[in-house]
Each structure stands twice: as structure tokens, then as C-alpha cells.
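Single-structure report; data block below.
No lab work stands behind these numbers, since they all come straight from the coordinates. Keep in mind it's a predicted model, so treat the numbers as computed, not measured. Counting neighbours? That spans all protein chains shown, and the Cβs are built from the backbone with ideal geometry, glycine included.
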Amino acid sequence: MNRPITTARRSILRRFAAGVLLGLLPLTALAADPLRIGLILPLTGPFASTGKQIEAAVRLYSAKNGDTVAGRKVQLIVKDDTGVAPETTKRIAQELVVQDKVNVLAGFGLTPLALAAAPVATEAKIPMVVMAAATSIIPSKSPMIVRSGFTLPQITGPIADWAAKNRIKRVVTMVTDYGPGIDAEKTFIARFKAGGGEVVESIRTPLRNPDYAPFLQRAKDAKPDALFVFVPSGEGLAVMKQFDDRGLKQAGIRLIGTGDVTDDDLLENMGAAAVGVITSFHYSAAHDSPENKAYVDAFTRANNGMRPNFHSVGGYDGMNLIYEAVKKTGGTANGEALVEAMKGLKWVSPRGPMAIDPASRDVVQTVYLREVKIVNGKPWNVEFDKVENVRDPGN
Ligand code: PHB
């Protein structure tokens, strides 16, 4: 059936034909299409703080860098996957690809959710920027995955080395029983043993509805010099409270861990109980650099005083990765070309210098040792040492 051509349409067609004749149109037409980014985050449920932090950072990035890149308007489509149902994340990823025709998938608050979406990215050949989920194996699950956050083996090694060198001989490990926790446990045990330490007990706590009290009692009964902890972002406050209530500190047991435990999003609520906790991590809101000062200031102002945490920089740097890749491809959003363009990118983030390893598509970054101290009346993760250019060592 022939549709009637209105005057307006006729004029568009005439301009289109002129464009083709001039050899201009294929590029300009592509450039005029918006660049659609599908952001899948836990915005409700037990891990809602991860979604809230990443969404705030992504919006801040656009506000600071403009909502157009290489001539393309950036269109953000934000979806809540509730954080606990991998099949929901997968369905949302499929809908974003098929119905919303996104050019990039991004977000992914927890490992099981990233793993569920990986086959969708592979099949659709759409880049998948993993901003939060941190189990080592994730980028190996799809050639379209690039990670902008961190990996557990990468950030766990330095605290194990520090403990072995600082008169800590006997440690109990306590980790959440899923991918990142198991990565943290394996890495801690291997590195601490290599440094001459002994792991006397390894405890795994459930991901869903954990009650840390009985596990911390077990840890206390083992009388270690220190307890090493990994729990995902959002859980640190409950651990800290039970550690305090059960009197582990008074029993002479030190708390050490990955920085997920002294999460900047929760640290102010932990107060004095957190003081003295030593962790290794890739981001502290107290990181002393002009880039971070500007970031914390802008983030706090735009979000009612909320302090940015490590997931926020995963989101902010994930956006930088997308913007820089689109600039490199001159505005084309071919998925494989974008992933190619992301490989080897280097930049200075609020967290410090970082890069994408072209072989693994994983993040290479500085890992800092930090101690919780009260500064100007508030607890902060104050950095006191660092290891540069740390890759994911695998597990
Ligand atoms: C993960 O599920 O991979 C994850 C989530 C939160 C963290 C770390 C790892 O803090």
C-alpha cells in the first residue's frame, strides 16, 4: 500500500536525497540518532544503595560532560532489577535490547545479575559495562563485557600482605557465600599464608537475610589476632554493629577487610565502632587529589549531602568509558567497535589513575591501604599506603 506523501515528508525526502548526493548523509543520519544507554540497577531491595549511588554518579557525569557525545545525544534508560533476581535482570536486558534498541548495557549491581545478562550482550553484540559486580570471572563470560569497577582478588591481596607484615599471625576469615566472597576468601588465604600467616577458620555467611551474630561469636571463640571480612556493599553496618556488640574489639581482635565493609555510604552511621579498621580498596571519598575533591564536592551538592562510595566511581568511570569509546569511533555505535575502542583506554579518575587491560577487558588501578579515622568529627577511610597498576590476579 502506498502511503500519501505529505508536503513535510516530501521536503524531508528531498533533503535526504540531496544529502546522499553530497555524500554527507550516511554519517549525519547516524550521528543524529541518540546513543541509548540501558542502565540496569538495584534501585529497590537490600542493595538499593548500590543503584542509588551509581545512578547519581551517571547523572553527575552527564551534567559535567554534557548529554551529547561525538554529535550524538545520550539517552539514559534506567531500570530497577531489585538486586536479587538474576532472571529479572536477564529479562530487562533483553527488553532493553529488543524494544528500546539500546547501544550499550550498563550497571549490574551484583555478580549473579551480571552473569545472567552476559549471554544477552554476547548474542546482541552490545557492549556491557559492568560498573559494580566484582567477581573475577565476569569479563570472561562475554567478549562484550568491559569492567569499570573492581575485582575482589585485585583489592584483597594488599590487605593480606599488610596483615602478614604487621604482627598479625592468626586470622579468621568471614565472607558472604557467593562469587565475590569466595574470591576474597581464596585470595586472602593464599596471600596471607604466603606471607607466613595462618588462617585458623573460614566462615561463610548467607547472601540473603544474614544474621552475623552467631558467626561473629564463632570467630571470637577461635581467638584470632584479626578477623578478615568481605560483605557486599550495604551489609557493613550490620557487621560492624555485631562486632561491637559481641565485644570482639575488647577481646583484642582486630577487624580488617576489603573496603566494602567500611563503605563510604554507611561509614558515617558506623561512627566510633569503625575507628581503627584497616582495609584495602580502590576508592575512598577521602582520597587526596584535585579530581576527587571536585567529584566529592559536586556529588554531595547534587545529592542532598550523600557521600559518594566505590560503586559511584564504578558508575562515573563506566560513563567515561562509554563517552571516550564513542569519541574514538567518531560517533558510530557498532558494539564490537565500541568494545575495541574501550580496550586500552587510560584516564585519571576520582579514585586515581586507571586503565582497561586490552586482553582481559578488566580494570587496572591503584589499590590503597586505609584506616578509619575521625577527621573533622566524621569517620573517613584515610589512605596511608598504595600499590600501583594492580591487575586482576584471578583466583
Ligand atoms: C558482587 O556481587 O559482585 C558485589 C556486590 C557488592 C560488593 C562487591 C561485590 O560490594
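Annotations for the structure displayed:
- Distance histogram for region 230-312 (every C-alpha pair counted, 10 angstrom bins, percent rounded to whole numbers): 17, 47, 27, 8, 0
- Given +1 at the Cβ of Lys and Arg, -1 at the Cβ of Asp and Glu and no other charges, the dipole of region 129-235 around its Cα centre is 220 debye to the nearest 20.
- For the chain, share of DSSP beta bridges that run antiparallel, in % to the nearest 5: 40 percent
- Using only side-chain charges placed at the Cβ, +1 for Lys and Arg and -1 for Asp and Glu, the dipole size of the chain relative to its Cα centre rounds to 920 debye.
- Rounded, prolate or oblate (a/c below 1.5 giving rounded, otherwise prolate when a/b exceeds b/c) for the chain by Cα gyration tensor: prolate
- Normalised by the number of residues in the chain, the average gap of Cα pairs under 8 Å and 6 or more apart makes the relative contact order 17 percent.
- Rounded, prolate or oblate (a/c below 1.5 giving rounded, otherwise prolate when a/b exceeds b/c) for region 47-96 by Cα gyration tensor: oblate
- Longest segment of the chain lacking trypsin sites (Lys or Arg not before Pro) that sit in a DSSP loop with at most 16 other Cβ atoms within 10 Å: 1-100
- Residue-averaged [θ]222 nm for the chain, counting only DSSP H segments that reach four residues, each worth -39500 (n - 2.57): -13000 deg cm²/dmol
- Dipole check for region 236-395: with +1 at the C-beta of Lys and Arg, -1 at the C-beta of Asp and Glu, and the Cα centre as origin, the magnitude is about 180 Debye.
- Three principal axis extents describe the C-alpha atoms of region 182-239; from largest down they are 34, 25, 16 Å.
- Normalised Debye scattering of region 26-137 at q = 0.17 Å⁻¹ gives log10 I(q)/I(0) of -0.79, counting only Cα atoms as equal scatterers and leaving out solvent.
- Kirkwood-based Rg to Rh ratio, region 264-351, C-alpha trace: 1.09
- Cα gyration tensor, region 112-196 - rounded (a/c under 1.5), prolate or oblate: prolate
- A simple spin-label model places the labels of residue 95 and residue 297 4.1 nm from each other, with each point 7 Å out along Cα-to-Cβ.
- The equivalent ellipsoid of region 135-288 has semi-axes of 23, 18, 16 Å, largest first, where each one is the square root of 5 times an eigenvalue of the Cα gyration tensor.
- Percent RCO, i.e. relative contact order, over region 279-338, from Cα pairs under 8 Å lying at least 6 residues apart: 24 percent
- Between region 206-243 and region 63-109, the alpha-carbon center distance in angstrom: 34 Å
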